[in-house]
1. List the residue ranges in the chain for DSSP H helices whose C-alpha atoms run 24 angstrom or more along the long axis and whose Kyte-Doolittle average is 0.5 or above.
2. If you wrap a convex hull around the Cα atoms of the chain, how much volume per residue is inside, in Å³?
3. Per residue, how much accessible area does the chain have with a 1.4 Å probe, in Å²?
4. When ranked by the protection proxy of mean other Cβ atoms within 10 Å per residue, highest first, what sequence do the peptides 64-77, 248-261 form?
5. Given R₀ = 25 Å, FRET efficiency for Ala188-Arg168 by Cβ-Cβ distance, to 0.05?
6. List every residue whose amide H lies under 5 Å from the amide H of Ser110, counting only residues 5 or more places away in sequence or on a different chain, with H placed 1.01 Å from N in the peptide plane.
7. Could you order peptides 128-137, 219-228 by the average number of other Cβ atoms within 10 Å of their residues, highest first?
8. What full-extension length gain, to one decimal in nm, is calculated for Asp32 and Val92 as 0.36 nm per residue of separation minus the Cα-Cα distance?
Amino acid sequence: MEQILSLAATNLLSPIILSFALGVAAALARSDLSVPEAAAKALSIYLLFAIGFKGGVSVSAHGIDAKLGFTLVAGVALSAALPLIAFALLQVMTRLSRLDAAAVAAHYGSISIVTFVAATSVLESSGIASEGYMVAVAAAMEAPAILSALWLISRGGDGQRMDSTLWREILLNGSIVLLVGSFFIGWATGEEGLNEISSFIVAPFKGVLCLFLLDMGLVAGRGLRERSDVLRPGVFAFGILMPVIGSLCGLGAGLLLGLSAGGVALMMVLSASASYIAVPAAMRVALPEANPSIYLTLSLGVTFPFNLTLGIPLYVAVATTMTGG
């Protein structure tokens with residue numbers, strides 16, 4: 001417990017978390033502080049490219065083996081299974097319709113790449129090594145959750161047809177394309193490629209992440225201020241409980257796979273996070289009748305801040321304890 005509290009205190013006082021807190025506070029205080037949409041888009045593109053590229057370089061150095069394959073399979077299985085758990089919890093804890101519950105559940109099987117990036121920064125700052133190929137696992141965990149949500153809806157008699165438009169939205173979502181594409185670039189060019197552009201994607205990384213999280217804090221704060229009516233007690237409790245349950249599933253998978261302490265922590269983070277980029281875009285196409293104020297407020301306004309402030313330190317501490325790292 002002392003280790004968890006110490007890591008949580010260190011994380012809460014990091015520039016990354018304080019930048020997010022500044023954004024939330026500014027939004028709640030109705031400040032006119034804002035990040036231009038074009039700048040926010042540029043920051044997200046930078047982060048996706050950098051994390052994908054560095055992950056590809058790590059895989060290039062590590063090589064492809066059975067452990068990598070099994071980890072990818074485990075990630076896909078978790079992404080497909082977690083929405084089923086989330087849906088069951090929502091039916092018990094809330095009064096959401098089947099449609100809204102399925103849409104929310106999809107977000108909790110997919111992943112938040114920004115939470116993943118923040119976790120990698122915490123691990124680096126703590127000197128904890130992790131498998132570089134976890135970024136490939138992150139990319140693989142984007143789409144299966146969406147398919148699980150559509151299956152849940154089809155069981156209720158409201159089947160959604162998997163047409164070409166939906167498949168395109170799922171598979172060619174910009175964040176997925178950029179993450180996977182930069183991963184393969186890093187894999188193909190290896191350490192030599194990283195050395196060529198290290199001054200661009202290594203040194204400025206944390207500073208860019210601070211600015212991006214400032215913007216995320218502004219978005220989350222506005223959501224909490226404007227849509228607080230959707231956060232009924234059961235819904236709010238789900239936003240805290242589900243990431244904890246997901247992290248335990250990730251912990252079990254990481255330990256079975258024999259991942260390092262950092263790898264187990266990242267598997268926990270991926271399983272605990274909730275998407276607010278790829279899945280909302282797909283839900284607009286697949287389930288347009290679902291209420292976006294519910295799933296966006298939950299994923300971005302409740303689960304995202306919880307993971308950044310308390311979740312990541314907890315997951316890292318549990319992972320290091322369980323692995324002896």
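1. 37-62, 66-93, 174-201, 205-226, 233-257
2. It is 130 Å³ per residue.
3. Here the residues of the chain average 41 Å² of exposed surface.
4. Ranked by mean Cβ neighbours within 10 Å, highest first: 248-261, 64-77.
5. Efficiency, rounded to the nearest 0.05: 0.45.
6. When sequence neighbours closer than 5 places are left aside, the close amide H contacts are Ser275.
7. Peptide ranking by packing, descending: 128-137, 219-228.
8. Full extension of this stretch gives 17.6 nm more.
The values are calculated or read from the model by the stated rules, or taken from the named source; none is laboratory data. Note that the structure is a prediction, hence the values are computed from the model and not measured. Counting neighbours? That spans all protein chains shown, and the Cβs are built from the backbone with ideal geometry, glycine included. Just the protein is used for accessible areas: all its heavy atoms, side chains included, with ligands, DNA and RNA removed. Shrake-Rupley method; radii C 1.70, N 1.55, O 1.52, S 1.80 Å.
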